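These notes are about the structure you will find just below.
The values are calculated or read from the model by the stated rules, or taken from the named source; none is laboratory data. Values in this document were obtained by computation on a predicted structure and should not be read as measured data. All Cβ positions, even for glycine, are placed from backbone atoms using ideal geometry, and neighbour counts span all protein chains on display.
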Ligand code: G6P
């Protein structure tokens, strides 16, 4: 987590870095800071709080002039989010200044050694240890900054993306990465450094993504030099052309990124299957699957690893895969999987799902699975992300940048990709008939328009949100394909509105949650017509007879539930297997409007971060 930005070139650096920090705030927003080299000295300003607070601080405290600057937006790991612990951090001499995303795990012994050598520390951070370690190497070994960074990093255990500069050599920034992302934007006589490409997209489309264990010296007016941290060998940097555009990372007239991203879903789902699924011709083409189809077809089982919302998409996929392909599927939290000594064999296929492609636990699970010989397939949204590069093959969800911390379009596009994969395998295996296959394809083809239609319930959902916005608890129930949607609906609500919410398989309600039901308890029930409908109707009756309030998500034209529920939200008719792509939409809107009405920070909920690159 944490976002890092840097600039070196011919422009005023501070406005570039400030704007970049605002774009990276999704990565953490506990505190922010900037260091600017003004031609003579380093000017540093930092504060607890958000980038807007930093902006005020900079105005009050320092001159913002200079053509080299680095900036940081933090998600606290070591040390509480106060001014002192904010980045950048100086070395003891005040000559070096650093920003860091990640964790230095062995910071305590390193710190003790440095204290023994006379170093003093102002903050509780691991980062201040690193910058002083670099300084110590630089002085003791009488080497340049680049070499000192390299030697220091070889002593470090943990994860990092860093940018550091020396006020005595203000024509270069040294950067390095291990486990946390770092990309260098290459412009005309100028360079940008960032955790992702969004901070520099209006200046250049050319970017170098550093690989793990690589470092680079970014020097004004020179070519970027990339080296391996371990053995010092030079690497020929691959300058990639980015597909991102500015419009994709701006709010485009919406009040929040989350709402924009909810509304982007018809387009995002279409982009995800565009070119891959030719419904009329009955074809699904996906290079990552086509090239490895035997691995999937011969797999003993498919293991899905993921975290958060991506894990919920994995649960939907479990129902879809088993139903269509008859291949056994298990879904695991990556954080549990990596530590529980799981049984993995070469006959297993592991699918890792991650919007950001950077989640530390998912990455560790992938490495573990690979070490046991499993074939690992990635489903990521961020092109070029660490997970997309670590996996043997993969398929991108083409959702476009997702900036709101609460995941929305990533979820529906993950389900889309996974459903396409399952359909392709089922067709190959012959576990569904040709006519079923064609029916699924044509229904999938219609999904973007049906999502669009579902979005027209917006105002109705807003009215329901207004009625229940002060509730202290919510229960979400669903069955089959929509049980994971219930979990996701509950997660969305608690993430952004801070209302306690639980998702449950509808039939499990009587084994516990029913005890919570009274007139204060809103229960969101997903009751699609073919999803064990009668049983869910009985569950609704059980809730009503205990005075609970029912908000039901039903198929268009449903009359039975309309008569018993307090509110119904309709979705268009579709195949049961595809309903999660529609039932999710009103639940996203419900949590969005409740959070707005409760005056919560929808795009940046407290304590959360979009990309969790620490354990
Ligand atoms: C964080 C985000 C969630 C996301 C989860 C997994 O908790 O706030 O929205 O679902 O990480 O992230 P990934 O990028 O791996 O999908």
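The table for this structure:
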item	result
Residue in segment 605-614 that is within 14 Å of the ligand (Cβ to nearest atom), in a loop (DSSP other than H, G, I, E, B) and in contact with a strand residue (DSSP E or B) (Cβ under 8 Å, 6 or more places away or on another chain) present	yes
Check on residue 563, under 25 Å from the mean Cα position of the chain (by Cα), outside the structural domain of residue 29 (by TED's automatic domain parsing) and free of Cβ contacts under 8 Å to residues at least 12 places away in the same chain	no
Residues (away from the ligand (no atom under 11 Å from the Cβ) and surrounded by 24 or more Cβ atoms within 10 Å (Cβ to Cβ)) located in segment 402-428	409, 412, 413, 415, 416, 417, 419, 421, 422
Single residue of 146, 187, 158, 179 found to be in contact with a strand residue (DSSP E or B) (Cβ under 8 Å, 6 or more places away or on another chain), in contact (Cβ under 8 Å) with a residue 60 or more places away in the chain and at positive phi	179
Residue in segment 297-314 that is touching a residue at least 60 places away in the same chain (Cβ under 8 Å), under 16 Å from residue 419 (Cβ atoms), more than 16 Å from the ligand (Cβ to nearest atom) and surrounded by fewer than 23 Cβ atoms within 10 Å (Cβ to Cβ) present	no
Single match in 97, 84 (criterion: under 21 Å from residue 183 (Cβ atoms) and more than 23 Å from the chain's Cα centre (by Cα))	97
Conditions (1) out of contact with any strand residue (DSSP E or B) (no Cβ under 6 Å at 6 or more places or on another chain); (2) modelled with pLDDT under 95; (3) not in a loop (DSSP other than H, G, I, E, B); number of the one not met by residue 25	(1)
Scan of segment 1-22 for residues that are assigned to a helix (DSSP H, G or I), out of contact with any strand residue (DSSP E or B) (no Cβ under 6 Å at 6 or more places or on another chain) and under 14 Å from residue 64 (Cα atoms), ordered by number	15, 18, 19
Within segment 277-332, helices (runs of 4 or more DSSP H) holding 1 or more residues that are within 14 Å of residue 375 (Cβ to Cβ)	287-290, 293-297
Residue within segment 535-550 that is within 33 Å of the chain's Cα centre (by Cα) and free of Cβ contacts under 8 Å to residues at least 40 places away in the same chain present	yes
Within segment 19-42, tally of residues that are farther than 22 Å from residue 217 by Cα and surrounded by fewer than 24 Cβ atoms within 10 Å (Cβ to Cβ)	4
Condition check for residue 534: away from the ligand (no atom under 16 Å from the Cβ) and at pLDDT below 90	yes
Residues that are away from the ligand (no atom under 16 Å from the Cβ) and under 27 Å from the mean Cα position of the chain (by Cα), drawn from segment 272-283	273, 274, 275, 276, 277
Residue tally, condition surrounded by fewer than 21 Cβ atoms within 10 Å (Cβ to Cβ) and either modelled with pLDDT of 95 or more or more than 14 Å from the ligand (Cβ to nearest atom) (or both), over segment 386-395	3
Condition met for residue 352 (under 14 Å from residue 425 (Cβ atoms), within 15 Å of the ligand (Cβ to nearest atom) and either touching a residue at least 24 places away in the same chain (Cβ under 8 Å) or surrounded by 24 or more Cβ atoms within 10 Å (Cβ to Cβ) (or both))	no
Which listed residue is away from the ligand (no atom under 11 Å from the Cβ), surrounded by fewer than 18 Cβ atoms within 10 Å (Cβ to Cβ) and either within 21 Å of residue 416 (Cβ to Cβ) or without any contact (Cβ under 8 Å) to a residue 24 or more places away in the chain (or both), from 383, 376	383
Candidates 124, 136, filtered to the one that is modelled with pLDDT under 95 and either under 19 Å from residue 81 (Cα atoms) or assigned to a helix (DSSP H, G or I) (or both)	124
Criterion violated by residue 319 - all others in (1) more than 15 Å from residue 295 (Cα to Cα); (2) modelled with pLDDT of 95 or more; (3) surrounded by fewer than 20 Cβ atoms within 10 Å (Cβ to Cβ); (4) more than 13 Å from the ligand (Cβ to nearest atom) satisfied	(3)
Residue that is touching a strand residue (DSSP E or B) at 6+ places or on another chain (Cβ under 8 Å) and surrounded by 19 or more Cβ atoms within 10 Å (Cβ to Cβ), where the choices are 218, 224	218
Leading residue by the ranking (surrounded by the fewest Cβ atoms within 10 Å (Cβ to Cβ)) among those in segment 322-336 that are within 19 Å of the chain's Cα centre (by Cα) and more than 10 Å from the ligand (Cβ to nearest atom)	336
